[in-house]
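Beneath this line is the structure, given in structure tokens, with notes to follow.
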Amino acid sequence: MAGHSQFKNIMHRKGRVDAVRSKVFSKLAREITVAAKLGTPDPSMNPRLRAAILAARAENMPKDNIERAIKKAAGNEGENYEEIRYEGYGPGGAALIVEAQTDNRNRTASDVRSAFTKSGGSLAETGAVAFMFDRVGVIAFAPDVADADTMLEAAIEAGADDVRSDTDGHEVTCAQDAYGEVSKALEARFGEPRRTGLIWKAQNTIDVDDETGEKLIRLVEVIEDQDDVQNVYVNFALSDALVEKMGA
């Protein structure tokens, strides 16, 4: 998961300074509304909605905003969003998967294609890079909820596939069809996770030089800046020096 986690950590640190909060909150609210519409407005019965609420809390989104987004779905208000996945390539042959939610497929396709081409990438057909990724569940906990051995033992008992523990915390991954059971078992033992949900995990990551790495970071930033884009997943790994430079 190095490519995804490493990149997201950089974006998270940069985002605290650079991101426009209203845009971040807008995307979070959209996901909450979509999740509530597709399932039930009760987060205890809707894993996707629960994951969306946790993501909103992590960004310090006000409770009123969260409740408003849920009520919007319950009242069948607002636009009906379609979920679309785009796939493409960036500098150095890196693969990217882009998840979007849109009420205008043509507009979003044009915006995403433009974001790729203006930053040295190219949009590909659906399926062109997805085979290089696995759809998996992720449940992340703070480092102080358990030691590494305890978390590993609990994750294995719950049916998870892998655990990564370090000073930043514990990240448990599992197969998509086991996600519901694994997340419930771990939450029952360790409490509410700091982050949970389904992601695209690269099967293998490619190393890129620092010049290419900076180009890829700019590419993903341009794509993520599109209003309809919710998530971007990548399969490249950056050098420690570039991670330190970009995260400073």
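The values are calculated or read from the model by the stated rules, or taken from the named source; none is laboratory data. Everything numeric here is computed off the predicted structure, so don't read it as measured data. Here the Cβ is made from the backbone with ideal geometry for all residues, glycine too, and neighbour counts use every protein chain on show. Accessible surface areas use protein heavy atoms only, side chains included; no ligands, DNA or RNA. Shrake-Rupley method; radii C 1.70, N 1.55, O 1.52, S 1.80 Å.
Residue pairs whose Cβ atoms lie under 7 Å apart, separated by 6 or more positions or on different chains, with the first residue in segment 56-72 and over 15 Å from P193 (Cα atoms) and open to solvent by less than 70 Å² (accessible area, probe 1.4 Å) and the second part of a helix (DSSP H, G or I) and of a type outside the set (A, V, I, L, M), are M61/F25; N65/F25; A69/T33. The residue that is modelled with the lowest pLDDT, among those in segment 17-44 that are within 21 Å of R194 (Cβ to Cβ) and not in a helix (DSSP H, G or I), is A19. Hey, any hits in segment 218-231 for a residue that's within 10 Å of G90 (Cβ to Cβ), surrounded by 22 or more Cβ atoms within 10 Å (Cβ to Cβ) and in contact with a helix residue (DSSP H, G or I) (Cβ under 6 Å, 6 or more places away or on another chain)? Yes, segment 218-231 has at least one match. Scanning segment 26-55 for residues that are open to solvent by less than 30 Å² (accessible area, probe 1.4 Å) and β-branched (V, I, T) gives I32, T33, V34, I53.
Within segment 159-173, at least one residue is open to solvent by 40 Å² or more (accessible area, probe 1.4 Å), modelled with pLDDT of 90 or more, among the acidic types (D, E) and under 22 Å from F133 (Cβ atoms). Screening segment 111-227 for strands (runs of 3 or more DSSP E) wholly inside it with 3 or more residues that are within 30 Å of N60 (Cβ to Cβ) returns the ranges 133-141, 162-166, 169-175, 195-202. Looking at segment 83-90, can you tell me whether even one residue there is assigned to a strand (DSSP E or B), basic (K, R) and in contact (Cβ under 8 Å) with a residue 40 or more places away in the chain? Yes. Among residues of segment 171-194 that are free of Cβ contacts under 8 Å to residues at least 40 places away in the same chain, none has a Cβ under 7 angstrom from a residue that is open to solvent by less than 30 Å² (accessible area, probe 1.4 Å) and acidic (D, E) at a sequence gap of 6+ or on a separate chain. All told, I84 falls short of being open to solvent by less than 80 Å² (accessible area, probe 1.4 Å), closer than 24 Å to E187 by Cα and either modelled with pLDDT under 90 or of a type in the set (A, V, I, L, M, F, W, C) (or both). Suppose we filter E244, E153, E181 for residues that are in contact with a helix residue (DSSP H, G or I) (Cβ under 9 Å, 6 or more places away or on another chain) and either surrounded by fewer than 17 Cβ atoms within 10 Å (Cβ to Cβ) or of a type outside the set (S, T, N, Q) (or both); which single one remains? That would be E181, the only listed residue that is in contact with a helix residue (DSSP H, G or I) (Cβ under 9 Å, 6 or more places away or on another chain) and either surrounded by fewer than 17 Cβ atoms within 10 Å (Cβ to Cβ) or of a type outside the set (S, T, N, Q) (or both).
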